[in-house]
Amino acid sequence: MGVGMETSVETDRSGRIGGPSLQVRLLGPLTICRDGHVLPLPASRKVRALFAYLALSPQAVSRSQLCDLLWDVPDDPRGELRWCLSKIRGLVDAPGLRRVETRGDAVALDLADCFVDVHEIARAAREGFETQSRERSKALAALFVGDVLDGLDLSRSPAFDGWLAAQRRRLRDWHAAVLEHLAASVPDDEALSHLESWLALAPFDGRVHGLLLGWLARRNRFREAEEHLRATARRFETEVLDHAPIRDAWRAARAQARCPLPARPAPSADAPAERGDWDDGPSPEPRRASVAVMPFLAAPVAGENGGVATALAHDVITRLAKLRSLFVIAQGSVFALHERRVAPDEAGRKLKVDYVVGGSVQRQGERLTVSVELAETRTGHIIWAEIFNQRLDDTFLLLDEIGDRIVASVASEIETSERNRAVLRPPNSLDAWEAHHRGLWHMYRFNKADNDRARHFFEMAVRLDPTFSRAYSGLSFTRFQNAFQGWADRERETSLAYEAAAQSLVRVKDIGAVEPVQSLLHGGAPGSVVPSL
């Protein structure tokens, strides 16, 4: 029942007295104010849940969907729905103004002239938190006074619980994004409070640890930084997470502050040497985009135990892993976090992945509805979402078809996202993976100038990582394009294309690039030589 909250509802940006007469706060306990006075809310949890669901729905919702969402098949679900709507009308309607709209079988809540805290944050998210002014960002941060509908949970309403969990997860991601922007934009002496708030919200986000250590280094508070690093290392190790990037961030911050490395302490006879900031382990290998596929939520159905949802998640993990262009977290890791009730966004930070796939599976009669979304862990932005709704003629064939579509879409969207991200970075700051994707961005424009730029970035990628097979594959294609289009000496470019293709074949890091290069070596047509994505 995932309903997005990025609505186009316009609200007053102040949210203060003198703005809209009706103000709705969904963060923290539900609060509705009229002309500055807090209205008493009905005792019924269903009324408050229905109000919030309608307030965050971008479009009208059918009565049958609302009944399935909130009622566990009561004697008269539509009668109870009518009663709840009458209570909501008493809260928000005014003389000559009906905010609860019923059109046929659909219900909508019109809050266009009201201040709604979540709508305000959603608007800022659409505009980009990084584009907001400092004062505006502070005002947004002040809206985060708790989770969505804090304290409101319904028993025997799993569909609503799943929807509410998704909204809370998204708002926490947005909260972290606001705090990240504030920490980077306010004067240094104000940044600490925002970093500490961000750290409390996302204790396993390596970026906030790195920024906090940098802040401490600039203030010459090296002892505090060392203590923080040791405590963080122990906490990460308890969760079986890699703290090496945080250690590397501290080394960089310390070097910039011109603080010498501390002497390595000798281990005592009865205690092993402590791992942490003095551990000079190898630097991480050049990366691939990483993704975790979380178990899909399943609405309970008589006679089923969630097997369809589990099977679909397992199938998507297996198929993505076979692509070899992505680093896919093993099923055991994601299912273990799911069993510990770790939310997908938090699981993404724990697993240190770039992207998280999540979704839900619901059976309604003879139809199966699968909702899927792909989110970027760093920002919490959903970069792709889709709903598949098909008849259950053959469950296995249906899951096979939906699995194919999910995997194809996820792989394509991640590659597009990686290319777009690489394009926005300064060219001299790219690593091998980013340089490769910057090259792909230019390569697919199929003109001489962009082909030359693509070759430049592929050469940068192989210089940074001489074992990167896919970069050699891309380099081979740009040379072949030069020969095929007559943009350079045909004989020389053909020779260089074969040479780069051969280099790609002998690299063992990325087997996924071998097949397209083999087609080049066997004289494939230009359209069939595009390096594997």
Alpha-carbon Rg with Dmax, taken over the range 290-421, Å | 14.2, 46
Is the shape of the range 171-259 rounded, prolate or oblate, going by the alpha carbon gyration tensor and its root eigenvalues a ≥ b ≥ c, with a/c under 1.5 for rounded and a/b larger than b/c for prolate?
-> oblate
Net charge (Lys, Arg +1; Asp, Glu -1) of residues whose beta-carbon lies under 14 Å from that of V356, V356 excluded, is -1
Derived scalar couplings ³J(HN,Hα) [the range 467-474; Karplus, 6.51 cos²θ - 1.76 cosθ + 1.60; whole Hz; x for Gly, Pro] | 9, 7, 4, 5, 5, 5, 4, x
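Throughout, read-outs are computed from the coordinates displayed, never taken from laboratory work. In this text the structure is predicted, and so the values were computed from the model without any measurement. Methodologically, a virtual Cβ is constructed for each residue, glycine included, from the backbone with ideal geometry; neighbour enumeration extends over all protein chains shown.
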